[in-house]
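Accompanying notes for the structure given below.
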Amino acid sequence: MRAKEAGKRGFWLRQLHTWHWISAAISLAGMLMFAVTGITLNHAASLPSNPSKHEQHAALPAGLLPVLEAMADSGTDPAPPELARWVEETFAINVSSLPAEAAPDEIFVAIPMPGGEGALVIDRADANATYTVTKRGWLAYFNDLHKGRNAGVAWSWFIDCMAVSCVVFTLTGFALLWMHGRTRPLTWPLTGLSLLAPILIALLFVHG
């Protein structure tokens, strides 16, 4: 009976260790990045920021003038395909699915991006386009990646996969603590502290 229990315990220990190290390996770089950017986000107001601005200018070709003139004087429909294609070829940005805020004097398209923002302005009177990019530095870039701000679908999937991997890592770690707890007296006091600390801090010091 003892041999059977020992064999069962050994099986589960091997399984837990396997899933624990696999999830740790998968989430290592991402967990480190999210931990560091958690600190930088928490102290964002006290960290230096040196925004930089870059502008590009281009005149619309004559063939696109009728397209520009045909656009409405109001609304937020995306730019016509011909105009969007020229913008991508000229400025290397894709605006085909972004709202284009139309006005009688200009077309304005906001270009979301992590760590900054872009803006495309097309002057309807002289058919000139100006693309402006404002970047707030690498720190802001990684902080926005932490939040998933304007980082795209692929990064959103990466965050979800990272979260699943971290859940597996945490739960298998807890199960290993459970199985080794009898021989390590500090296991449950430390585990209890890790559970109680955020709850007590939130109840006592965080007021909504």
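Where a number appears in this text, it was derived from the coordinates with a stated rule and is not lab data. This one's a predicted model, so the numbers in the text were calculated from it and none came from an experiment. Every residue, glycine as well, gets a Cβ built from its backbone with ideal geometry; the counts of neighbours run over all protein chains shown.
In table form, for the structure just shown:
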item: Mean Cα-pair separation over length for the range 64-166, i.e. relative contact order, pairs under 8 Å, 6 or more apart, %; result: 18
item: Gap separating the Cα centres of the range 82-134 and the range 47-79, nearest whole Å; result: 3
item: Relative contact order of the chain, defined on C-alpha pairs under 8 angstrom at six or more residues apart (%); result: 23
item: Angle between the chain longest axis and helix 187-205 axis [Cα atoms, degrees, rounded to 10]; result: 40
item: Efficiency of FRET from Cβ geometry, Ser96 and Ile39, R₀ 30 Å, rounded to 0.05; result: 0.20
item: Thr132 paired with Arg9, simple spin-label distance in nm, labels 7 Å along Cα-to-beta-carbon; result: 6.9
item: Using alpha-carbon coordinates, inclination of helix 138-147 to the longest axis of the chain, degrees; result: 70
item: Among (i) 19.1, 66; (ii) 26.7, 89; (iii) 16.3, 49, the entry that matches Rg and Dmax of the Cα atoms in Å as calculated here; result: (ii)
item: Acute angle (nearest 10 degrees) that the helix 152-180 long axis makes with the longest principal axis of the chain, alpha-carbon atoms; result: 10
